[in-house]
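Asks: One structure, as structure tokens, below. Some questions next.
The values are calculated or read from the model by the stated rules, or taken from the named source; none is laboratory data. Model, not experiment: these values are computed from the prediction. Here the Cβ positions follow ideal geometry from the backbone for every residue, glycine too, while neighbour counts run over all protein chains shown. Just the protein is used for accessible areas: all its heavy atoms, side chains included, with ligands, DNA and RNA removed. Shrake-Rupley method; radii C 1.70, N 1.55, O 1.52, S 1.80 Å.
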Amino acid sequence: MHSNSSSPKASWALKAAALGTLLFLHVPMWIIFLYTFTPDERTFTFPLPGFTTKWFGIAFQREDLWRALSLSFKVAAIATLAALVLGTLAAAAVYRSKFFGREAISFLLVLPIALPGIVTGIALRTAIGGLDIPFSFWTIVIGHATFCVVVVYNNVLARFRRMHGSQIEASMDLGANSFQTFRYVVLPNLATALLAGGMLAFALSFDEVIVTTFTAGQQSTLPIWIFSQLSRPRDRPVTNVVATFVILLTFLPIFFAQKLSAQSSDTEGESK
Amino acid sequence: MTNPSTPAIRFDQVSRYFGEVKAVDHVDLEIRDGEFFSMLGPSGSGKTTCLRMIAGFDKPTSGHIHLYGQDVSNLPPYERDVNTVFQDYALFPHMNVGDNIAYGLMIRKVPKSERTKRVNEMLELVKLSGYAGRKPSQLSGGQRQRVALARALINHPKVLLLDEPLGALDLKLRQQMQVELKSIQKRVGITFIFVTHDQEEALTMSDRIAVFNEGKIEQVGTPAEIYERPASTFVAGFVGTSNLIVGELAKRITGSDQTFSVRPEKIHLRAVGDKIDGNMISVDGVVRDVVYLGLYTRYLVQIDEGNDLVVIEQNLKTTSMDVLSVRGQKVRLQWHKDHISRVGG
């Protein structure tokens, strides 16, 4: 036992462990970032043999990259939008009304996020194939919506449960009908939960690989494009540029989602 | 104006069942225009359900509720000219105090300039002038309470419902708010319906009180009627402290074995052998316990038959030494014939 374990300051061992964990998580990302500037496309030599920004230019001119990026963006945006509507409605139903099988439905709603992506993917592929629906942009959106809905649902339900007592009744009591009550009381209460849930959903969708593999037709989203690039070592720095870009793009929404959640001292995922 | 003889609220055989539970069971009730009316009862007695049915949050299983003659039983809350002060205040946390108070006016699309004017009037009424820009989270419990009151009153409702609004406040603040609520009610002249489980609160503020028990109304009357003439053993026991005298002892004292009640402060402690006035009832007993409480002393006197009566006497001349020395002595209890209440069952 450490003699100073009772003091409020963390011991050096704990600090070292924390630092080690952070490095373990982040060093690989720095490597990616670093090697976006290498002039040598094949190997990861250190120190860098030189410094160049030409890969940014090359990446910028790649038609297929832009197509993948815009597809990913569209899919994430639409899946998030659908999740916001469906997740909020589901949370409202589960929170506001009591009906037979409510707990079961709540459980089934949350299940897709716990299921391995491969299971969701194969299930969707079988179902979509069985129904003779052509694989397309929309099948990707549907696949992503399965887990995006959960994130929004959890956030919104947690907020509903923390919402102060009789506000909805108070609003109706003061003359507001259901629509006005939703507009002026419920929505402002949910706003930060929706924003946090939406950003998280967007980030999840944006880098999803497994479900996408099973639900996409000929299209490739950004993660799939990157995946396919791995077999082309010459373009490795281009992939690094894209990866850096994705890190930034994912980092920002997660960062703000966390901030918003902390601000309203809300629990992120689990409401149970 | 409405006809003054039309009751503000009329319950016509109103029932509300939750499955097997009869929360409210065939209640008839009339609440007069402009009165401060309290619904008093223990939790689960149906008083809050009655309030919620007046507000429109709940609908009667059967029967009708009339608001100034209009049947409102099936109208949604936003179509009733009734406003509520909630137990937890239910202020909107994302709006400041001014916007909270103006909410009803905003919904009814009252122009901004008039809204501001009326909000300021209301803030003055509840003594919160200058607080319009604060958020509810920056207010104390007592201040939130006032905001909730202002938010309801600004709409000039026909009836204001108050659901145990003072429950969360500490004693001093509660007593202060009781006085203030009463004076506000007099000033605005709106019918107030006040739900509480605190009998003292009900007695302090109300013009009339309805005592609820198990979904039914036991008694409706002025505070004095409820206190001095309880209509049932429940009312006698729930409102204040009461001595219930049953069976043989009742027969010996009054000549009838019907149960009666007598309030502890109405009983006088006398020496045995004191002369008996013709208008007084008199029984002898032994002082079993004495509790000195400063302002008054509470005696527990055992009557010969094994009944205990609580007697309260003010310590006008006595000291704690005097009163405590009475313990174990034989005494004579006397009270005026008019001070007994025969209670039903």
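Asks: Per-residue ellipticity at 222 nm for chain B, helices alone: DSSP H runs ≥ 4 residues times -39500 (n - 2.57), over residue total, nearest 500 deg cm²/dmol?
Replies: Taking each H run of at least 4 residues, the total per residue is -8000 deg cm²/dmol.
Asks: Over chain B, with a Gaussian network built from C-alpha contacts below 10 Å, which listed residue (B:PHE18, B:PHE92, B:PHE238) shows the highest mean-square fluctuation?
Replies: B:PHE18
Asks: Right, something else. In debye to the nearest 20, how big a dipole does segment B:197-334 give about its Cα centre with +1 on each Lys and Arg Cβ and -1 on each Asp and Glu Cβ? Present the calculation step by step, with values, prior to reporting the outcome.
Replies: Numbers: 15 positive and 20 negative charges, 90 e Å.
Result for segment B:197-334 is approximately 440 debye, rounded to the nearest 20.
Asks: Cross-link candidates for B:LYS47: which lysines have Cα within less than 19 Å, leaving aside residues fewer than 8 places away along the same chain?
Replies: Cross-link targets: B:LYS22, B:LYS59, B:LYS216.
Asks: Scattering from the C-alpha atoms of chain B alone, worked out with Debye: what is log10 I(q)/I(0) at q = 0.10, 0.14 1/Å?
Replies: -0.72, -1.09
Asks: For a quick check of your reading of the filter: which trypsin sites (Lys or Arg not before Pro) in segment B:16-122 sit in a DSSP loop and have no more than 14 other Cβ atoms within 10 Å? All intermediate terms of the calculation are to be shown ahead of the outcome.
Replies: Working: sites: B:ARG16, B:LYS22, B:ARG32, B:LYS47, B:ARG52, B:ARG80, B:ARG108, B:LYS109, B:LYS112, B:ARG115, B:LYS117, B:ARG118; in loops: B:ARG32, B:ARG80, B:ARG108, B:LYS109.
The qualifying sites are B:ARG108, B:LYS109.
Asks: Angle between the Cα long axis of helix B:141-153 and the longest principal axis of chain B, 0 to 90 degrees, nearest 10?
Replies: Computed tilt is about 60 degrees.
Asks: Hey, what angle do you get for helix B:171-188 against the long axis of chain B, alpha-carbon based, 0 to 90 degrees rounded to 10?
Replies: Its long axis makes an angle of about 60 degrees.
Asks: Rounded, prolate or oblate: which fits chain A when a ≥ b ≥ c are the square roots of the eigenvalues of the alpha-carbon gyration tensor, with rounded for a/c under 1.5 and prolate only if a/b beats b/c?
Replies: oblate
Asks: Probe radius 1.4 Å, ligands and nucleic acids left out: can you give me the accessible area buried at the A-B interface, summed over both chains, in Å² to the nearest hundred? Spell out each step's value before the answer.
Replies: Values: alone 16240 and 16750 Å², together 31230 Å².
Its buried surface, counting both partners, is about 1800 Å².
Asks: I've got another one for you. I'd like the distance separating the alpha-carbon centroids of segment B:158-195 and segment B:258-291, in whole Å.
Replies: Cα centroid to Cα centroid, the span is 38 Å.
Asks: A further question follows. Shielding by partners for B:147-157, please: the mean number of other protein chain Cβ atoms within 10 Å of each residue's Cβ.
Replies: Mean shielding count: 1.
Asks: Quick one: putting +1 on the C-beta of Lys and Arg, -1 on the C-beta of Asp and Glu, what dipole do you get for segment A:62-271 around its Cα centre, in Debye to the nearest 20?
Replies: Dipole size: approximately 140 debye.
Asks: Right, here's the next one. In square angstrom, what is the accessible area per residue of segment A:62-271 with a 1.4 angstrom probe?
Replies: Details: 10310 Å² over 210 residues.
Dividing the accessible area of segment A:62-271 by its residue count gives 49 Å².
Asks: Would you mind giving the average projected area, over all directions, of the Cα convex hull of segment A:84-181 in nm² with one decimal?
Replies: Details: hull surface 32.4 nm².
The Cα convex hull of segment A:84-181, projected and averaged over all directions, gives 8.1 nm².
Asks: Lys/Arg Cβ at +1, Asp/Glu Cβ at -1, dipole of segment B:9-238 taken about the Cα centre: which of B:THR204, B:GLN13, B:LEU162 is farthest positive-ward?
Replies: B:LEU162
Asks: Given +1 on the Cβ of Lys and Arg, -1 on the Cβ of Asp and Glu, and no further charges, what dipole in debye does the protein assembly as shown carry about its Cα centre, rounded to the nearest 20?
Replies: So the magnitude is around 1560 debye.
Asks: Hey, any idea what Rg/Rh is for segment B:243-342, computing Rh the Kirkwood way over Cα pairs?
Replies: Rg/Rh: 0.96.
Asks: I'd like to check one number: the per residue accessible area of segment B:243-342, probe 1.4 Å, reported in Å² as a whole number.
Replies: Using a 1.4 Å probe on heavy atoms only, each residue of segment B:243-342 averages 55 Å².
Asks: Could you check how much of the accessible area of segment B:193-345 is carbon and sulfur, as a whole percent, using a 1.4 Å probe?
Replies: Using a 1.4 Å probe with all protein chains present, segment B:193-345 comes out at 48 percent carbon and sulfur.
Asks: Give me the lysines in straight-line cross-link reach of B:LYS109: C-alpha distance below 24 Å, same-chain residues under 8 apart excluded.
Replies: Qualifying lysines at Cα under 24 Å: B:LYS117, B:LYS135, B:LYS158.
Asks: Hey, in the GNM for chain B with a 10 angstrom Cα cutoff, which one of B:SER38, B:SER15, B:SER140 fluctuates hardest?
Replies: Answer for the Gaussian network model of chain B: B:SER140.
Asks: Classify segment B:124-200 from the C-alpha gyration tensor, please: rounded if a/c falls under 1.5, else prolate or oblate depending on whether a/b exceeds b/c.
Replies: The shape class here is oblate.
Asks: For chain B, what does the relative contact order come out to in percent, with C-alpha contacts under 8 Å and a separation of six or more? Spell out each step's value before the answer.
Replies: Numbers: 708 pairs, mean separation 56.1, N = 345.
Over chain B, the number comes to 16 percent.
Asks: Something else about it: According to a simple spin-label model (label point 7 Å from Cα along Cα-to-Cβ), what is the distance in nm between B:ALA224 and A:PHE73?
Replies: 8.1 nm
Asks: Per residue of B:47-57, count partner chain C-beta atoms within 10 Å of its C-beta, then hand back the mean as an integer. Numbers along the way, then the final one.
Replies: On the way: counts 0, 0, 0, 0, 0, 1, 0, 0, 3, 3, 5.
Mean shielding count: 1.
Asks: Let me ask something additional. Based on alpha-carbon centroids, what's the gap between segment B:75-103 and segment B:48-64 in Å, whole number please?
Replies: 18 Å
Asks: For chain A, take the longest principal axis of its alpha carbons; what is the angle in degrees between that and the long axis of helix A:117-130, to the nearest 10 within 0 to 90?
Replies: 80 degrees
Asks: The protein assembly as shown: percent of C-alpha pairs farther apart than 36 Å?
Replies: So the portion of pairs separated by more than 36 Å is 60 percent.
Asks: How large a share of the accessible area of segment A:162-259, in percent, is made up of carbon and sulfur atoms when the probe is 1.4 Å and the other protein chains stay in place?
Replies: Heavy-atom surface of segment A:162-259 belonging to carbon and sulfur, 1.4 Å probe: 68 percent.
Asks: If you average the C-alpha positions of segment B:10-26 and of segment A:126-159 separately, how far apart do those two centres end up, in angstrom?
Replies: Between the Cα centre of segment B:10-26 and that of segment A:126-159, the gap is 46 Å.
Asks: Let me confirm one metric for peptide B:95-103, namely the mean number of other chain beta-carbon atoms within 10 Å of its residues' beta-carbons.
Replies: That average works out to 2.
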